[in-house]
Amino acid sequence: MTIPRIAIVISTTRATRFGDKPAKWISDIAAKRTDLVSEIIDLRDFPMPFFDEVASNAWVPTTNEVAQRWQKKVAEFDGFIFVTAEYNRGVPAVLKNAIDYAYPEWNRKAAAYVGYGAVGGARSVEQLRLISVELQMAPTRTGVHIQGADFMAAWKEGKDLKDIPHLQQNATDMLDQLVWWTNALKAARERPALATAAE
Ligand SMILES: Cc1cc2nc3c(=O)[nH]c(=O)nc-3n(C[C@H](O)[C@H](O)[C@H](O)COP(=O)(O)O)c2cc1C
């Protein structure tokens with residue numbers, strides 16, 4: 001079996017976002033591993049309108065060309081790390097919109113989460129876990145939550161996330177789980193008898 005491909009999704013798009021910093025941090029940690037290959041996907045590169053199709057692409061092909069490109073991009077990967085803020089205790093709208101613009105491309109793949117904010121994006125991440133179930137994804141138990149003083153130091157004082165050792169251990173645990181689930185689901189998807197069993 002080939003090494004799993006993991007997308008690191010930057011989930012906010014505003015000009016002064018913080019999201020680049022945790023995405024680069026987790027990408028650097030992932031790059032040191034030999035059991036996965038990763039790529040950062042930036043939602044800024046997929047400027048989709050608010051969902052305006054006749055149905056989910058689970059049932060009807062999407063007409064919007066950027067969304068078609070997005071679906072093809074999502075389809076390239078075996079697992080995902082959503083790097084996310086929380087906006088008013090919820091999933092940033094631009095991320096939810098992007099999620100809604102794909103469906104089969106998410107199915108039977110694994111998902112992990114790096115949240116940031118006052119409480120480490122925990123409320124956004126918990127919502128994402130529920131959404132992941134509807135997408136037929138397997139969410140990892142462990143997420144990374146950059147919170148409280150760590151978040152303020154990184155956000156307002158420019159502290160480097162790699163200088164916060166407990167986050168590194170946390171990231172390793174999460175990536176270990178992500179790789180396990182990604183490999184398990186990839187193996188199942190690649191066995192035709194299993195791949196169609198639950199359809
Ligand atoms: C519209 C909006 C709502 C926010 N709501 C929350 C929130 O509910 N909880 C929280 O911890 N931070 C909240 N924040 C602060 C964000 O944690 C902080 O601005 C963070 O940098 C946002 O991520 P971004 O820079 O990648 O956009 C909010 C920020 C914005 C712009």
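The values are calculated or read from the model by the stated rules, or taken from the named source; none is laboratory data. Because the structure is a prediction, the values reported are computed rather than measured. Neighbour counts are summed over all protein chains in view; Cβ atoms, including those assigned to glycine, are modelled from backbone coordinates with ideal geometry. Quick note on the areas: whole protein, heavy atoms, side chains included, nothing else; ligands and nucleic acids left out. Shrake-Rupley method; radii C 1.70, N 1.55, O 1.52, S 1.80 Å.
Among the strands (runs of 3 or more DSSP E) lying completely within the stretch 92-179, list those that include at least 1 residues that are under 22 Å from Asp42 (Cβ atoms) and within 16 Å of the ligand (Cβ to nearest atom).
In the stretch 92-179, the matching strands (runs of 3 or more DSSP E) lie at 109-116, 144-146.
Would a scan of the stretch 109-116 turn up a residue that is more than 28 Å from Trp155 (Cα to Cα) and open to solvent by 10 Å² or more (accessible area, probe 1.4 Å)? Talk me through it step by step, then tell me what you get.
Within the stretch 109-116, the first condition is being more than 28 Å from Trp155 (Cα to Cα), and the residues that meet it are 109-110.
So of that shortlist, the ones also open to solvent by 10 Å² or more (accessible area, probe 1.4 Å) come out as 109.
Taking every residue of the stretch 109-116 in turn, at least one turns out to be more than 28 Å from Trp155 (Cα to Cα) and open to solvent by 10 Å² or more (accessible area, probe 1.4 Å).
Test Ile26 against the stated conditions and say whether it is within 16 Å of the ligand (Cβ to nearest atom), out of contact with any Phe, Trp or Tyr (no Cβ under 8 Å at 6 or more places or on another chain) and assigned to a helix (DSSP H, G or I). So that I can check it myself, show each step before the final result.
Values: within 16 Å of the ligand (Cβ to nearest atom): yes; out of contact with any Phe, Trp or Tyr (no Cβ under 8 Å at 6 or more places or on another chain): yes; assigned to a helix (DSSP H, G or I): yes.
Criteria met by Ile26.
Here are some residues: Gln136, Gln68, Gln127. Which one is touching a Gly at 6+ places or on another chain (Cβ under 7 Å), open to solvent by 40 Å² or more (accessible area, probe 1.4 Å) and over 17 Å from Ile8 (Cα atoms)? Outline the logic, then answer.
Values: Gln136 fails: touching a Gly at 6+ places or on another chain (Cβ under 7 Å); Gln68 fails: touching a Gly at 6+ places or on another chain (Cβ under 7 Å).
Result of the check over Gln136, Gln68, Gln127: Gln127.
Looking only at the stretch 72-91, filter to residues that are in contact with a Ser or Thr (Cβ under 7 Å, 6 or more places away or on another chain) and of a type in the set (A, V, I, L, M, F, W, C); which one of those is nearest to the ligand (Cβ to nearest atom)?
Taking the candidates together, the pick is Ala85.
Considering the stretch 33-58 alone, what residues qualify as being over 19 Å from the mean Cα position of the chain (by Cα) and either acidic (Asp, Glu) or open to solvent by 70 Å² or more (accessible area, probe 1.4 Å) (or both)?
Thr34, Phe50, Phe51, Asp52, Glu53, Val54
Within the stretch 133-166, which residues are within 30 Å of Lys186 (Cβ to Cβ), in contact with a strand residue (DSSP E or B) (Cβ under 9 Å, 6 or more places away or on another chain) and touching a residue at least 60 places away in the same chain (Cβ under 8 Å)?
Val144, Ile146, Leu161
Please identify the pairs in which a residue from the stretch 1-25 that is open to solvent by 60 Å² or more (accessible area, probe 1.4 Å) has its Cβ atom under 8 Å from the Cβ atom of a residue that is near the ligand (Cβ under 9 Å from one of its atoms), counting only partners at least 6 apart or on another chain.
Close Cβ pairs (under 8 Å, with a partner that is near the ligand (Cβ under 9 Å from one of its atoms)) amount to Asp20/Ile10.
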